[in-house]
Amino acid sequence: MDQQTKEALKHDQFIDTTKHGIEWASAHRRSVIAASVTLVAVILVLVASVLLYNSRADQASVAFGAAMSEYQAPLALPGQPVPAGIKAYASVAERAKAANALFLAAADKYSMTPAGKNSRYFAGLTYIEAGENASAESTLKQVASGWNSDLAGLANLALAQLYRQTGRSPQAIEIYHQLIAKPSTTVPAGLAQLQLAELYEAQGQPEVAKKIYAQLKDKDAKGAAGVLAAQKLNPSATPAQ
């Protein structure tokens, strides 16, 4: 077959393919248009969703910042006047209650955003400082059950501290063991081990605490937790520079 014949065949095939394509498009014109409109609509919905989420995330960050500013407000010292324009609180509990209301509002309104989830965690902390232990426990449990392992670790650590303060050491010990088994970036295993050992010390079980310190010292000799464990085992020793 010569080159001219090959080119002619290719040309005929191209014409036939194009013709069939045009015929198919004409026969299915409505379905093609409907599919195109649907695709465009989906794209528009996705773009609008992203824009809306970004907008709410920005609003959540502002709300969280306002709550944090309240949480960090100074405490008025007895006998000392508060400077003009400076907001101060008479006690930690009073300040915690004020900040708690703002954290809860941000958490409820922007629950799906990172700032909203952080607000829920801080709502739990401020409940503790305000002396509202039942609300603190339920709020921290809610955060601890979330998918964010770093935030869940912090919430569990706060829960363990709450249990210690309220005389529920077995529950605190259980949480520490969970944190040791499944550490996170925010709560490494060493930190949970230190807290567990300190709990045993406070309970009058120094031998159990020493065993934990020794394990941590051997496992993480050069890490911060290992150094602290070594100091606990030998308080009179000079810390390594």
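Screening the candidates A160, A107, A98 for the property of being in the same structural domain as V62 (by TED's automatic domain parsing) and surrounded by 22 or more Cβ atoms within 10 Å (Cβ to Cβ) yields one hit, A107.
Residues in the range 203-241 that are at pLDDT 90 or above and part of a loop (DSSP other than H, G, I, E, B): Q203, G204, Q205. Provide a single number: the residues in the range 134-155 that are farther than 20 Å from M112 by Cα and either among the charged types (D, E, K, R) or buried (at least 16 other Cβ atoms within 10 Å of the Cβ) (or both). Qualifying residue count for the region: 3.
The values are calculated or read from the model by the stated rules, or taken from the named source; none is laboratory data. Since we're looking at a predicted model, the values are computed, not measured. So basically every Cβ, Gly included, is an ideal-geometry build from the backbone, and we count neighbours across all protein chains shown.
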